[in-house]
Each structure stands twice: as structure tokens, then as C-alpha cells.
Amino acid sequence: MTASRAPADPTVREFEATVERVDDREVVLDETYFYPASGGQPADRGTLGGVLLADVRDRDGEVVHVLADPPGFAVGDAVGGVVDDEFRTYCTRAHTASHVLYGAARRITDELGYAGFDVSPEKVRVDLTTAEPLDDADLVELERLSNRAVWESRPVSWETLPEAEARALDGIAFNDKTEEGAMSGHEDVRVVTVEGWDVAACGGTHVANTAEIGPIAALDRSNPGEGVTRVEFAVGPTAIDRTADVHT
């Protein structure tokens, strides 16, 4: 089994690995820094051995690289992997922004729960369970608090803990259905902490400091299910463009 090293070393963009298996366009390596789609974060983009990636999947605990074309290499060959820097950087910042927004929600509502999230190139979605639905004023406050947390340059760290120890952490956001990527054989849990702001079980890639996230702009809210408020927001360049449009 080969797990992705991307969550542990999210800044790696180029690496070399040995091909362990080739099945048509599907390739398995002895190690990889490509992130497979998991828990709401999309798969990395990039090239493997000079061939464009079509997808990266986690299949039974093994990272499978799906190429756009048949590879020109074989089992035992050493190949180079290049992670698309722009897309990974965006996903990493956007994913951490979702933790920052959840931390902001902790400060404006009681009985808060986490029901999942999703990163797309245009926006990020976070689903929150609350005793009462959030309104427009709450959305404005979430945006304000989130941007304050970015400005405060809070350190972000991650560690792997025994499950019982992780669940015992004060205030940890832990959803077994949405954070399966954080589980390691259901014995250990990867925990991501935004210092003084948020702690959550999470298997994604993250920045080392909230200052790296950039601006956050609230876009919309909705109620997709009973007790659930869906918050949508933009991060970075998309947030800048959104704010400019509003000002115009």
C-alpha cells in the first residue's frame, strides 16, 4: 500500500519514484506526492513521466495515477512526477480557509457541527450544522472573522494521533463520514490545528500559516437540509475579483 505523502509535505512539487505497477493508463508508484481526491479536496493535476495526469484516486489505500495517454515507461522504471503548482497552491489555501471559516463559526453559534466541504476552482463550500439557520448578518460576520484570522498570521500544524487521543481533544471537529481521509486504518487520526482558532480531523493539504491563504469573500448561503447551513466563499484571486465586482 502506498499512501500519498502530499498531506505531510504539501510544498513538494517535483519528485522521482519507481513504477510498481502499470495497468493500461493506471500507474502505481513506490511513493507519490500527488494528492488523490478525498474528503472534498480535488485530485492534483500535473504530469508523470512527461505524461499528463487525468486523475489521481485512492483505491483500497493505494494511490492510483490515471494518465491521459498510455505511458512510455514500464514496471521498475524511475519516473519523475511534477505537481501543478498553481492548482495545488490554490487547493491547499482553500482547504485551510475552510478550517478558518469553521473556526469563525465556532465564535458566532452554539451547537456547531461539521457536515462536509468541497473545493472547486471558483469557490469553496462548507456545510455546517447549527441549532438555528445562519442569516445574512452571520455570513458577513463569518467573512470578517475569517479575514481577521488570516491577518493574524496564525500557525497551522498537523500531527497523527491515536484515535482515542484525537477524539478527546477539546472541541475537535470530527465527522467519520466526511473525514475518512484523516483515518489511518481507523487506528490513527491526522489532526490539523490552526493555533488558537480551530482543530479538526483532516487528511488534506494545508498551508503552514493562515497569512498564506489571502483574502476570503463570502458568496452565498443556503439550507440544503434540515439543520444544515451551506456557506459558499471565494479565496485569493477569485475573492479579489468578487470584491471588485461588488464595489463596482
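We did not get these values from a lab; they are worked out from the coordinates using the rules stated. Note that the coordinates shown come from a computational prediction; the quantities given were computed from them, not determined experimentally. A quick note on method: Cβ atoms are made from the backbone with ideal geometry, for glycine too, and the neighbour counts reach across all protein chains shown.
Considering only alpha-carbon pairs that sit under 8 angstrom and 6 or more positions apart, the relative contact order computed for the chain is 19 percent.
Taking loop as defined by DSSP and a crowding limit of 13 other beta carbons within 10 Å, which GluC sites (Glu not before Pro) in the range 212-248 fit?
On the way: sites: Glu212, Glu226, Glu232; in loops: Glu226.
Loop-located and lightly packed - Glu226.
The overall shape of the range 197-244 is oblate: from the C-alpha gyration tensor, with semi-axes ordered a ≥ b ≥ c, the ratio a/c is 1.5 or greater and a/b is no larger than b/c.
Listed values (1) 1.05; (2) 0.98; (3) 1.18 include one computed from this model; for Cα Rg over 2.2 N^0.38 Å that value carries the label (1). Let a ≥ b ≥ c be the square roots of the eigenvalues of the Cα gyration tensor of the range 123-176; is it rounded (a/c under 1.5), or, if not, prolate (a/b larger than b/c) or oblate? It is oblate, given that a/c is not under 1.5 and a/b is not larger than b/c.
Think of the chain as a dipole: +1 on every Lys or Arg Cβ, -1 on every Asp or Glu Cβ, centred on the Cα centre; then among Thr229, Val140, Phe73, Val140 lies furthest on the positive end. Compactness ratio for the range 11-92: Cα radius of gyration over 2.2 N^0.38 Å (N = residue count) comes to 0.99.
What is the calculated FRET efficiency for Val140 to Glu86, with r their C-beta to C-beta distance and R₀ = 41 Å, to the nearest 0.05?
Working: r = 30 Å, r/R0 = 0.73.
Calculated transfer efficiency: 0.85.
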